[in-house]
Amino acid sequence: MSYSISGFAYAIIFVSFLYFWKRLFGYWRKERNLISKLWVLFDGGFVLYLLIRAIGGLFFANNSALLKLTIDISGFLQAFIFAVGAYLIIHLKFPRISPWYGFYPVIILGLIGAILTIFIPFKPFVDSTGAINWGASPDKIFFITALLRSFLAFIVLIPVILINFQQFYASSDSDVRKKAFGLGLSLLMVVVVGLIDFLFANVLKIALIWRDYFYIIAGIILAVSLIVSQKNVEKDIFAESGR
């Protein structure tokens, strides 16, 4: 087939992240401060990452060379995303420390991981169910790269998720609560999706099409949750203002 279910799954999640990125962009246009700009860049990195994966899976599913290119580009995007996230963590939680101390080590490690990814002999193909099998060869470079990128994801995404949910519960500002809940939920979904991908492909050996079905369900849940949460927060604020 000329397309894949994997591409469709990535497209669903992309739409959810794009919806929320537009909200973040609106906050940035309103606030025009460093924090809102960094959130736009952080979430925008995920949007671009998902867009590249969706385009590859939808329009170039039978082109192994282009699918391999999407993997390589995604590695550099992840380096940027994690570096911005590390900058944010230091800036928000350790204001006396220069946030560049978070940015530079992470961007360097991320770029090392991205460069190593280029040398991994991926041979992606669409299997009989319509799912993309990335055809990774489990050699030494693959495990080192996977360990490095997983480490960066863990030390950046988990703290950022906790920061956002903490802001959601602590703040009474509607814009802050909407931003915090949306980002926290989106990033939590990223972690869950990444874990499911690893378990399905490497541990449980379950057919990859079930991974894609989970992606689709996760994308729909995320989109509905974001839309409903934005409306509910606005209703709460209006109710408080009328008391």
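The values are calculated or read from the model by the stated rules, or taken from the named source; none is laboratory data. It should be emphasised that the depicted structure is a prediction, and the values quoted were computed from it without experimental measurement. Here Cβ is always computed from backbone atoms with ideal geometry, including for glycine, and neighbour counts include all displayed protein chains.
Among the residues of segment 158-175, what is the count of those that are touching a Gly at 6+ places or on another chain (Cβ under 6 Å) and surrounded by fewer than 18 Cβ atoms within 10 Å (Cβ to Cβ)?
Count: 1.
So which pairs qualify, if the first residue must be in segment 207-221 and buried (at least 17 other Cβ atoms within 10 Å of the Cβ) and part of a helix (DSSP H, G or I), the second must be modelled with pLDDT under 85 and of a type in the set (D, E, K, R), the Cβ gap must be under 7 Å, and the two must be at least 6 apart or on different chains?
Arg211/Asp197
Only one of (1) of a type in the set (Gly, Ala, Ser); (2) at pLDDT 85 or above; (3) surrounded by 15 or more Cβ atoms within 10 Å (Cβ to Cβ) fails for Ser150. Which number is that?
Going through (1) of a type in the set (Gly, Ala, Ser); (2) at pLDDT 85 or above; (3) surrounded by 15 or more Cβ atoms within 10 Å (Cβ to Cβ) one by one, Ser150 breaks only (3).
Restricting attention to segment 86-105, and to residues there that are among the small types (Gly, Ala, Ser) and under 21 Å from the mean Cα position of the chain (by Cα), which single residue is surrounded by the most Cβ atoms within 10 Å (Cβ to Cβ)?
Step by step, filter segment 86-105, then rank; the result is Ala86.
Can you tell me which residue is farthest from Ile216 (Cα to Cα) among those in segment 1-35 that are of a type in the set (Gly, Ala, Ser) and surrounded by fewer than 19 Cβ atoms within 10 Å (Cβ to Cβ)?
Out of the qualifying residues, it is Gly26.
Quick one: how many residues across segment 128-161 are within 30 Å of Leu185 (Cβ to Cβ) and among the charged types (D, E, K, R)?
Adding up the residues that qualify gives 1.
Can you find a residue in segment 41-59 that is among the small types (Gly, Ala, Ser), free of Cβ contacts under 8 Å to residues at least 12 places away in the same chain and in a helix (DSSP H, G or I)?
no
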